[in-house]
Structures are given as C-alpha cells and as structure tokens.
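Scroll down for the structure; my scribbles are underneath it.
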Amino acid sequence: MLVLGIESSCDETGLALYDTKHGLLSHALHSQIAMHEAYGGVVPELASRDHIRHVLPLTEAVLAEAKKPLSTIDAIAYTQGPGLAGALLVGASIANALGFALEKPVIGVHHLEGHLLSPLLSPEPPEFPFVALLVSGGHTQLMEAHGFGQYRMLGETLDDAAGEAFDKTAKLLGIGYPGGPAVSRLAEFGSPNRFRFPRPMKYSGNLDFSFSGLKTAVLTQVKSLKENICEQTKADLTRSFVDAIVDILVDKSMTALKQTGLHTLVVSGGVGANQQLRQGLNLAVKRCGYRVHYPNLSFCTDNGAMIAFAGAMRLKHWPDEADFSYSYTVRPRWDLSDITRY
Ligand code: KG4
Ligand code: ZN
C-alpha cells in the first residue's frame, strides 16, 4: 500500500510517500521559520497562506523523487489535529480533493501519534511495548505504548511544553527563533555552576510536568543581575536552564520506566533533537539497564513521513478507518485518548 502523507499543523509543510512493503520512498519539507522569525513566533494566518503555496509543489516533488505517478497512490493521510485550524484545513482540503479525484481513501491522522511513531521509521526500530516521551513545542507527555493505537497517558505538562519553555527563554534573552536549537547551542559554552534554576515538580510524586516557572526563574535572574547581559552570561543562563529541563525529563522518564516495568524508552518531538537531552538520557538508561530510541534528527520536528507512516499503520490495522466520504473537519484540539483502540 502506497500512502501519501501531508503535514500542515503548524509552521512546516511536510509531504512524504510511505510504502508498506518498501518503507519510506521520499519526503520533502518546507519550513516557515524564516517567515515567522520577524514576529518572534508563528503567525497563524501567514502559516495557512504559506502552506497553500507549498503543498502542491511538495506533493509533486515527493512523487517525482519516488518516481511514482499520482495514480499509484493507494491512500492519503493528513494531519487532522491538533494544531492551528487554518493550517490544518490546508492539508485536510488537499488530501480530500486528491482522494476524491483519485477515488482513494483518506485518513485523518493525530499529529501526536505521528510523532510518537516516528522512531519506528529508523533502520532499527524499537519494538512495542515502550514508554514514549513526547517533547515538542506544544506537548510534553509520557505515555505507555503497547501497540499501534494502544496508548495510555502516564503524565503531561500542566502548563508550558518543554519546547515552549526553550522558545520563551530564547525570546527573553534575544537569541533567536525557534528557541530550542539556539538555546542548546549557546548552552554548550556556558558554565554549569554560575546559576541554579529550580526543578519544578521533580518531586511531585507523579509523572506530570510544569515548565512555566522555569522561564520566570530565568527572567527573575536576568532582572536581578542589573547589568547588560553579556554573551558569557547568556551562555551561563542557558546552560543552567538546559540542565534543569534535562534533569526533569530524564528523572521522570526513568520513573515512568520503573513504574510500568517496561525497559524501552522512545523519544520523539522537536526537543528530542536536543543533544544535551540525548546525552542525559543515554547516561541514565545505561545506568539503569534500559534502552532508548530516537527518531532520525530530521523526523524529530514536524514532517510528512511520520504522518504517512501513522496513516499507513492505521489503515493496515483498521481498514474501517478509511474514509471515502471526502467531507472533513479538522480538530485543533484533539485528545490522543480519542484515537486509542484496544
Ligand atoms: O515537534 P515540533 O516540530 O512541533 C510541535 O509539534 O510542537 O517541535 C518544535 C519545538 C520548538 O519549541 C523548538 O524550539 C523545539 O521543538 N526544538 C528544540 C530543538 N530543536 C527543536 N528544543 C531543544 N533543542 C533542540 N535542538
Ligand atoms: Zn509536532
């Protein structure tokens, strides 16, 4: 089965072709980062318009790269939510128009299921069951995954997501957008001993997170310095910020493995690209005798491959999810438990 995947939930237009026999055939991405940079964050209306500009050229690009004519597509998967309503509507309408024209089924994919399954696209994919740590710009969650569509929430953030904390801290220090990669790079030059930020909810006794206090702690520290913040001070601040986030994520992930009795941790989402987090997790799993899997770096952030893959897996396991109605709605807010199938 050849599945075309379309991702357009936020600021990346991602297209891909996934073949259930031969794996990922092609993928292409257009990032809107440069366009939103001037505003310091995603402008929803601009995002929708930009998806419209790129979705068809990228569809043609993935078909050409895979040397597959449009007529060979068996199904179309698109991100139905969660995300920005206008942005989601672009992918949904293109998917349904193509499905209608080709008389092929369409399937709406949950963006977080796409992220959660993205490590399974790697050459040595993890096997179920595993604990999934999903750390993106909009979500921070720990889940137990027992199979396709079989997910149980263990804990999640009560306020900001980890990626959001990175982005807000970067904005506060004026070091670029999106914040994750910029903060991470600068932290490499920082001293771990100059500042110490709190570890919110580390000892909460459950697997929930809270990150909004962390950026406030950085702000309070910046104000108390009463000086022009030089580059070294920024590096020291980012270093302590990253250390705090990594400490919390590693600690809760290890607790989740211990509590569930599972031995495999699977990390996904944009913050999963973070090298300090990867180092911290690698050390911790080694110490505790667990395993950890990450997606290919290019599949940590939003992409079409994870949507094509998740759509293909759902159609393979539950052919009844194939939609031939071509009437659609997007789900800007959508709980992952709604798509759980046991
Ligand atoms: O998964 P994603 O592309 O989009 C959402 O679904 O939210 O994640 C984007 C988030 C942003 O907040 C970005 O700052 C963060 O992932 N991010 C990183 C890194 N690369 C991206 N955070 C920390 N370190 C990175 N290397
Ligand atoms: Zn995402």
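Taken residue by residue, region 119-126 has no member that is within 16 Å of ligand 1 (Cβ to nearest atom), on the phi < 0 side of the Ramachandran plot and assigned to a strand (DSSP E or B). Residues that are surrounded by fewer than 20 Cβ atoms within 10 Å (Cβ to Cβ) and of a type in the set (Gly, Ala, Ser) are absent from region 301-321. Among the residues of region 19-55, those identified as free of Cβ contacts under 8 Å to residues at least 24 places away in the same chain, part of a loop (DSSP other than H, G, I, E, B) and open to solvent by 10 Å² or more (accessible area, probe 1.4 Å) are LYS21, HIS22, ALA38, TYR39, VAL43. Which ones in region 1-18 are open to solvent by 10 Å² or more (accessible area, probe 1.4 Å) and either within 16 Å of ligand 1 (Cβ to nearest atom) or within 12 Å of ALA310 (Cα to Cα) (or both)? Result: CYS10, ASP11, GLU12, TYR18. If we keep just the residues of region 166-192 that are farther than 20 Å from GLY272 by Cβ and either open to solvent by less than 40 Å² (accessible area, probe 1.4 Å) or at pLDDT 95 or above (or both), which is nearest to ligand 1 (Cβ to nearest atom)? Checked region 166-192; the qualifying residue nearest to ligand 1 (Cβ to nearest atom) is ILE175. Taken as a whole, region 277-297 holds at least one residue that is closer than 29 Å to PHE241 by Cα, open to solvent by 60 Å² or more (accessible area, probe 1.4 Å) and within 16 Å of ligand 2 (Cβ to nearest atom).
Of all the residues in region 127-159, those that are within 17 Å of ARG314 (Cβ to Cβ) and among the charged types (D, E, K, R) number 0.
With respect to the conditions (1) within 16 Å of ligand 1 (Cβ to nearest atom); (2) open to solvent by 60 Å² or more (accessible area, probe 1.4 Å), ARG196 lacks only one, and its number is (1). Just one of the numbered conditions (1) over 27 Å from GLU156 (Cα atoms); (2) under 25 Å from the mean Cα position of the chain (by Cα) is not true of LEU173: (1). Quick one: how many residues across region 282-329 are within 16 Å of ligand 1 (Cβ to nearest atom), within 29 Å of GLN32 (Cα to Cα) and either without any contact (Cβ under 8 Å) to a residue 40 or more places away in the chain or of a type outside the set (Phe, Trp, Tyr) (or both)? The total comes to 13.
Scanning region 1-19 for residues that are over 16 Å from the mean Cα position of the chain (by Cα) and either of a type in the set (D, E, K, R) or farther than 18 Å from GLY99 by Cβ (or both) yields a total of 1.
Just checking, does region 143-163 include any residue being assigned to a helix (DSSP H, G or I) and either modelled with pLDDT of 95 or more or in the same structural domain as SER204 (by TED's automatic domain parsing) (or both)?
yes
Considering the conditions (1) open to solvent by 40 Å² or more (accessible area, probe 1.4 Å); (2) more than 17 Å from ASP251 (Cα to Cα), SER136 is excluded by exactly one of them, (1).
For GLY289, indicate whether it is under 25 Å from HIS22 (Cα atoms) and not assigned by TED's automatic domain parsing to the domain that holds VAL62. Considered against the rule, which asks whether it is under 25 Å from HIS22 (Cα atoms) and not assigned by TED's automatic domain parsing to the domain that holds VAL62, GLY289 comes out as no. Screening ALA75 against (1) over 22 Å from LEU297 (Cα atoms); (2) open to solvent by 10 Å² or more (accessible area, probe 1.4 Å) leaves a single unmet condition, (2). Looking at LEU58, LEU63, LEU98, LEU88 in this structure, which one is part of a helix (DSSP H, G or I), more than 30 Å from LEU219 (Cα to Cα) and within 16 Å of ligand 2 (Cβ to nearest atom)? Within the list LEU58, LEU63, LEU98, LEU88, the selection yields LEU88.
For region 235-274, the tally of residues that are open to solvent by 10 Å² or more (accessible area, probe 1.4 Å), of a type in the set (S, T, N, Q) and closer than 23 Å to ALA217 by Cα stands at 1.
The values are calculated or read from the model by the stated rules, or taken from the named source; none is laboratory data. A quick note: this is a predicted structure, and the numbers were derived from the prediction, not measured. Here the Cβ is made from the backbone with ideal geometry for all residues, glycine too, and neighbour counts use every protein chain on show. In case anyone asks, the SASA skips ligands and DNA or RNA and just uses the protein heavy atoms, side chains included. Shrake-Rupley method; radii C 1.70, N 1.55, O 1.52, S 1.80 Å.
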